[in-house]
Every structure is written in structure tokens, then in C-alpha cells.
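Derivation of every value follows stated rules applied to the coordinates shown; laboratory data play no part. The model shown is predicted, which means the values in this text are computed figures rather than measured ones. Positions of Cβ are backbone-derived with ideal geometry, glycine not excepted, and every protein chain shown enters the neighbour counts.
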Amino acid sequence: MLNIYSPISSLGYGVHGINMIKAFINNNIEINLTPIGQTFLDSYYNKYMQVAMNNKFDKNKPSIQIYHSSYANQFTGSPMISFCVFETTKLLPQEEYHLKNTVDMIFTTTEEHKKIIENHGITKPIYVIHEGVDSDLYNTEPCTKYIDTDKFTFITAGKHEERKNTDLIISSFIKVMQYKKCALIAHTFDPFYQGKGLPWTDLNIESLGLKGVEENNTYLKYSNGFCDIYFTKPRISVTSMRSLYRSANVGIYYSRAEGWNLSLIESMACGIPCIASNVIGHKEYLKNSPQIQQELIVEPIGMEIANDNKWFKGDRGEWAKMSKKHLYEAIEDIYDNSSKYITPNRDLSLYYHNNFNWDQPINTISNILE
């Protein structure tokens, strides 16, 4: 018996939590779910949610909280396990306090994250539990494109954030591809957006030369007749996500820092090679990937204080600096060699199915708790 405390939503912790719940149940491990916050559940997961919710909570059994470690005083169990996910080089004081004093054990997503936790003087047992990918959903099996651009196409996915370099990705694509027949799908809708422009980007797309030309239930399209950008409408069902990723030839994930970046892994599991920054949260999932992916890894040019005046305010250490020039070059080189990326790469897909599936973390956790 195992207790799980987790959000259930389409955002990072929620996706992490429900996929682990699904894997526990598929591996015949009895679990109880205590949802954190309001639940937004895709119907694909309904049966797993019901099973987990119907099982009784037992405070004498192990409990895993898949949430911010700052809230580690808001659950119980024996032992208490914090699944500590973060992006930068420094924990907040309340995170450090609870990891030192409240929980019994710590899970995190990569060896680099583990080292950062240890550097804070935290001596609790720390285990690396990799994120996974659902091979039933994300693969190279034939499917209809969610958006048929009729052009060579890039995709970037993940809510609009400075940390994810969303605006840099979009502006770089326009700069390099403005007069070439090419498209970018931006699955970057920010549910927390409170500005006056677009909830996908802070950029003024029309000032960059593209005008709004089409809107429907699926996307908002900007174009100058050559170059197109499609901003996807929320919400896309989980079972449609493969069709979305497979609408593109290449992904762009140019983050300054990540906890794991499930969108990157899911894209590659669909056989879509990705321009990917070699930063915390990416490195461990990229390092042994097939050659077609190795060619698209971009190194940082330094580190800087993590500050976006929203989620990061200079108090969480550093994140990577990524070169605009290097991104320009990567986009242009891919377009010039587009024949390499016309069809999904099966070897890339199988690498992620075999090395980062959800059964592996479940087996690791089970062995730890035996």
C-alpha cells in the first residue's frame, strides 16, 4: 500500500502524478490518492483516478508528495517522501527546511538535482527517480496530424515562461524563417496569463511582420504568406497529443532550466528530433540518445541569476544562458537539411520507450520501499 499526494491537472506536477498513479496501478501496486488543489482530469485517466480514490488512506504506510517541497508539512505517512522537483541551483529556505526536518526520504529527477540537494547540507536518503513516457500514447504509429501546415514544421510545447525561452524561440523562428516556407506550432498557452496581448507569448507578432489570418477551435494562425505560426487553443486531450507532436518535423526546447521537461521526452518518443538546450533537467535525458538527436543538442554559454519577476525573483540561484545566435544557426541548419527530418525517427522513439518508460520509476520506488 502506498499513499500519493499530488495535483491532478494538465500542468507539470499533475501530469507527473497521474502518470505515476497509472503506472502503479498497472503494476498491481495498491495506492491511495489525495488530490492537491482543484482536479482537472483528462478522461484517458478516469479509471485510474477512480481506483486510487476508492482505496483507503493509511497513515502508517509510505506517502509520496509530488508537489513543491515548501508544502512538505501538509502531508503524512510512514515514511514521508518528498518528490523534490526544481529547476535552478538553489532551494528556497522553506524547501531546505522541510527537506532537512520534515520528510524522511527524498526523490528527485536527475543526478544533478540530487547533487544540488546534497550541497544544501541535506543528509536524508535521496534517490533519483526518472520521469517517464507513455509509449501507448507517444510513438511513431500512423496518425492524422492535429494541424496540417503543409510546410516543413517546428513545434515548441510548454506554458509560456521566460525560463523556457518561449519568446526567444518564437522570435528566432521569425527572424530566420520569415521569408521561407516554414511553420512553427506554439503549444505555449499560459493559463496564468494576465497581460493584454496573447497568452502564448509576450511578443507583438504583428510588429515582427506576421498578421493574424485565421482562427478556429484548434488554433490562432499568423502568417506573412511564407512563414506561419500556429498558436494552439487550450485544451488538447491527452489522446490528441501524439497527433500534435507529429504535426511537426522537429521540436525546439531551448529552456534555461528544467525539472525534467516531459514535452521534450514525449516529442522524442514520437520520433521527433528536437533542438534541445543541454541544461539541468535535460542533460540526463539527452546524453545517450541516438545520433540524430545528439546533433541538435545546444550547449549553454554561461550561467545567470534566475529572475523573471514572476516565478523566479533572484532568490533561487542560477539558470543557464542560451545563445540567440546558436539557436538561429540550429534552426537554419535543420531547414537546409530538412530531408533528414521528413519522417519520424523510429530509433529515437524506441530509445525513449526503452530507457524512460513509466514502469522503470515504479520498479525503482518499489525496490526502495521493500
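Return the pairs, sorted by first residue and then second, in which the second residue is in a helix (DSSP H, G or I) and of a type in the set (Ser, Thr, Tyr), the first residue lies in region 165-179 and is within 16 Å of residue 335 (Cα to Cα), the beta carbons are less than 6 Å apart, and the residues are 6+ apart or on different chains.
Hits for this filter: 172/328; 176/328.
For region 191-242, name all the residues that are over 19 Å from residue 150 (Cα atoms) and in a strand (DSSP E or B).
198, 201, listed by residue number.
Given the residues 306, 269, which is the only one that is in contact with a Lys or Arg (Cβ under 7 Å, 6 or more places away or on another chain), buried (at least 20 other Cβ atoms within 10 Å of the Cβ) and under 25 Å from residue 83 (Cα atoms)?
306
Looking at region 1-106, what helices (runs of 4 or more DSSP H) fall wholly within it and have at least 1 residues that are hydrophobic (A, V, I, L, M, F, W, C), within 30 Å of residue 311 (Cβ to Cβ) and in contact with a His (Cβ under 9 Å, 6 or more places away or on another chain)? Outline the logic, then answer.
Values: elements: 12-26, 46-54, 93-101.
Output list reads 93-101.
So which residues in region 233-262 are over 17 Å from residue 345 (Cα atoms) and surrounded by fewer than 24 Cβ atoms within 10 Å (Cβ to Cβ)?
233, 234, 235, 236, 237, 238, 239, 240, 241, 259, 262
On the basis of being in contact with an Asp or Glu (Cβ under 7 Å, 6 or more places away or on another chain), crowded, with 24+ Cβ neighbours inside 10 Å and among the acidic types (Asp, Glu), does residue 284 make the cut?
Here the answer is no, as residue 284 does not meet what is asked.
Restricting to strands (runs of 3 or more DSSP E) lying wholly in region 261-370: which have 2 or more residues that are in contact with a strand residue (DSSP E or B) (Cβ under 6 Å, 6 or more places away or on another chain), of a type outside the set (A, V, I, L, M, F, W, C) and more than 30 Å from residue 125 (Cβ to Cβ)? Explain how you work it out, then say what you get.
Working: elements: 274-277, 302-307, 313-321.
Answer list for region 261-370: 302-307, 313-321.
Residue 174 passes all but one of (1) in contact with a Phe, Trp or Tyr (Cβ under 8 Å, 6 or more places away or on another chain); (2) part of a helix (DSSP H, G or I); which number fails?
Going through the list (1) in contact with a Phe, Trp or Tyr (Cβ under 8 Å, 6 or more places away or on another chain); (2) part of a helix (DSSP H, G or I), residue 174 breaks only (1).
Scan region 65-88 for residues that are surrounded by 19 or more Cβ atoms within 10 Å (Cβ to Cβ), more than 20 Å from the chain's Cα centre (by Cα) and under 17 Å from residue 366 (Cβ atoms) and report the count.
Number satisfying all stated conditions: 2.
Quick one: in region 316-342, which of the residues that are more than 24 Å from residue 165 (Cα to Cα) and free of Cβ contacts under 8 Å to residues at least 24 places away in the same chain is surrounded by the most Cβ atoms within 10 Å (Cβ to Cβ)?
337
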